[in-house]
1. Having 2 or more residues that are over 16 Å from residue 138 (Cα atoms), modelled with pLDDT of 95 or more and under 20 Å from the mean Cα position of the chain (by Cα) is the bar; report the helices (runs of 4 or more DSSP H) wholly within the stretch 1-119 that clear it.
2. So the check is Cβ under 9 Å with 6+ separation or different chains; which pairs have a first residue in the stretch 32-48 that's within 16 Å of residue 119 (Cβ to Cβ) and a second one that's part of a loop (DSSP other than H, G, I, E, B) and at pLDDT 95 or above?
3. Would you tally the residues in the stretch 114-144 being surrounded by 13 or more Cβ atoms within 10 Å (Cβ to Cβ), closer than 19 Å to residue 47 by Cβ and small (Gly, Ala, Ser)?
4. Just to be sure I understand the filter: pairs with C-beta atoms under 6 Å, separated by 6 or more residues or on different chains, first member in the stretch 54-79 and closer than 25 Å to residue 125 by Cβ, second member assigned to a helix (DSSP H, G or I) and among the hydrophobic types (A, V, I, L, M, F, W, C). Which pairs pass?
5. Output the residues belonging to the stretch 120-144 that are among the hydroxyl-bearing types (Ser, Thr, Tyr) and either touching a helix residue (DSSP H, G or I) at 6+ places or on another chain (Cβ under 8 Å) or assigned to a loop (DSSP other than H, G, I, E, B) (or both).
6. May I ask you to list the residues in the stretch 97-113 that are within 13 Å of residue 73 (Cα to Cα) and buried (at least 20 other Cβ atoms within 10 Å of the Cβ)?
7. Please enumerate the residues belonging to the stretch 86-113 that are closer than 26 Å to residue 125 by Cα and β-branched (Val, Ile, Thr).
Amino acid sequence: MLHKIYTFCFLFALLSGCNDDDYVPIDVPINAFISLEDFEQQVINSAGTEAVGCGKVEINESSFAVNTCVSDSFFIVTPFYAFYIIQGIDSRVARAVSMSLSGVVEFWSYDSFGGGEISSIVCNDPSSTFELMGSHTDTFNCAE
């Protein structure tokens, strides 16, 4: 009989813990998700307050106008940023290119899968390719 009481108390305690609506795991920070808007803001902040916003290429849109702005801004040494939305399978995916006031060109990537991830790569010794119809990396040649 004592065994049944212990079993009942254990199950009751276990199940009542599942009912706590205010429970937040300690190791998971609140608002840990990185959104597409967070990504865009990080790119804009990296380019600086003087940067030209060259626009956003949506899925299945031509990149010509945005890449023309990027190329023109690069030639006149004006900071810029541009975004390219990519078709994802199970998440939101985006790319970006930016240049800061100091002339650093960066290629950016964002994927919302798993809480969101942002990464960037610096384009060393960038030069223009004059390719205005491609993706964010087609506009520049980078030294290895």
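1. On the way: elements: 2-17, 36-47, 64-75.
Helices (runs of 4 or more DSSP H) meeting the threshold: 36-47.
2. Every condition considered, the pairs that remain are 46/100; 46/104.
3. 3
4. Note: pairs meeting the criteria are 54/66; 54/69; 54/70; 79/47.
5. So the first thing to find is which residues in the stretch 120-144 are among the hydroxyl-bearing types (Ser, Thr, Tyr), and the list is 120, 127-129, 135, 137, 139.
Answer for the stretch 120-144, where residues must be among the hydroxyl-bearing types (Ser, Thr, Tyr) and either touching a helix residue (DSSP H, G or I) at 6+ places or on another chain (Cβ under 8 Å) or assigned to a loop (DSSP other than H, G, I, E, B) (or both): 120, 128, 129, 135, 137, 139.
6. 97, 98, 99, 105
7. Scanning the stretch 86-113 gives 97, 104, 105.
The values are calculated or read from the model by the stated rules, or taken from the named source; none is laboratory data. These numbers come from a predicted model, not from an experiment. Cβ coordinates were reconstructed from backbone atoms using ideal geometry, including for glycine residues, and neighbour counts include every protein chain displayed.
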